[in-house]
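Reviewing the structure listed below.
Values in this text are rule-based calculations from the coordinates and carry no lab data. Just so we're clear, the structure is a prediction, and the values are computed from it rather than from any experiment. Ideal geometry is used to build each Cβ from the backbone, glycine not excepted, and the neighbour counts take in all protein chains shown.
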Amino acid sequence: MTISLQYCHVTVNDPEASLAFYRDALGLEVRNDVASGGFHWITLGSASQPDLEIVLSEPHAGRSQADGDALQELLTKGVLPMIVFRADDLDATFEKVRASGAEVLQEPVDQPWGPRDCAFRDPSGNMVRISQAPKA
């Protein structure tokens, strides 16, 4: 049996506004852009992982008003689960993302548990970590 991750959702306040971070700063490519029922979903991916996609969606997209409100409150507090990317050149990636104006939470550092990583907040307040790919 084989199992792999197909896509994950990242809740954002405004998918279109989040493109500057996920597409332009991180270098992901837009694969799908869907508007339906007054909401907007944008699917992005990386050329290095063609079968894995990230879907940017609003808190109320496809949810009840109460669930969307609860998710919006968590997004506003900045306590939704983080997303972690891996880069082959962490320092160059860090500089590119920082130059985009993204909020830096942590500059590149060697962590005591192994990886070298850094952290940012996306435009909606989600924590985005980027770790260095292990040396071969």
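Estimated purely from DSSP H runs of n ≥ 4, each contributing -39500 (n - 2.57), the mean residue ellipticity at 222 nm for the chain is -6000 deg cm²/dmol once divided by its residues. Each residue of the range 27-33 was assigned a 3J(HN,Hα) from its phi angle through the Karplus curve 6.51 cos²θ - 1.76 cosθ + 1.60 (θ = phi - 60°); the sequence is x, 6, 9, 6, 10, 7, 9 Hz, with glycine and proline shown as x. Amide H neighbours of Glu58 under 5 Å, counting only residues 5+ apart in sequence or on other chains, H built in-plane at 1.01 Å? Counting only residues 5 or more places away or on other chains, the set is Val12, His40. Report, as a whole number in µm² per second, the diffusion coefficient that Stokes-Einstein gives for the chain at 4 °C and 1.567 mPa s using the Kirkwood radius over alpha carbon pairs. It comes out at roughly 82 µm²/s. Considering only Thr11, Thr43, Thr76, the Gaussian network model of the chain with Cα springs below 10 Å gives its largest mean-square fluctuation to Thr76. Under a Cβ-Cβ cut-off of 11 Å, what is the net charge of the residues other than Gln6 that fall near it, where Lys and Arg count +1 and Asp and Glu count -1? Here the count lands on -2.
Distance between the 7 Å Cα→Cβ label points at Val30 and Tyr7: 1.5 nm. Computed as a quarter of the hull surface, the mean projected area of the alpha carbon convex hull for the range 1-69 stands at 5.7 nm².
Counting neighbouring Cβ atoms within 10 Å and putting the fewest first, the residues Leu56, Leu26, Leu74 line up as Leu74, Leu26, Leu56.
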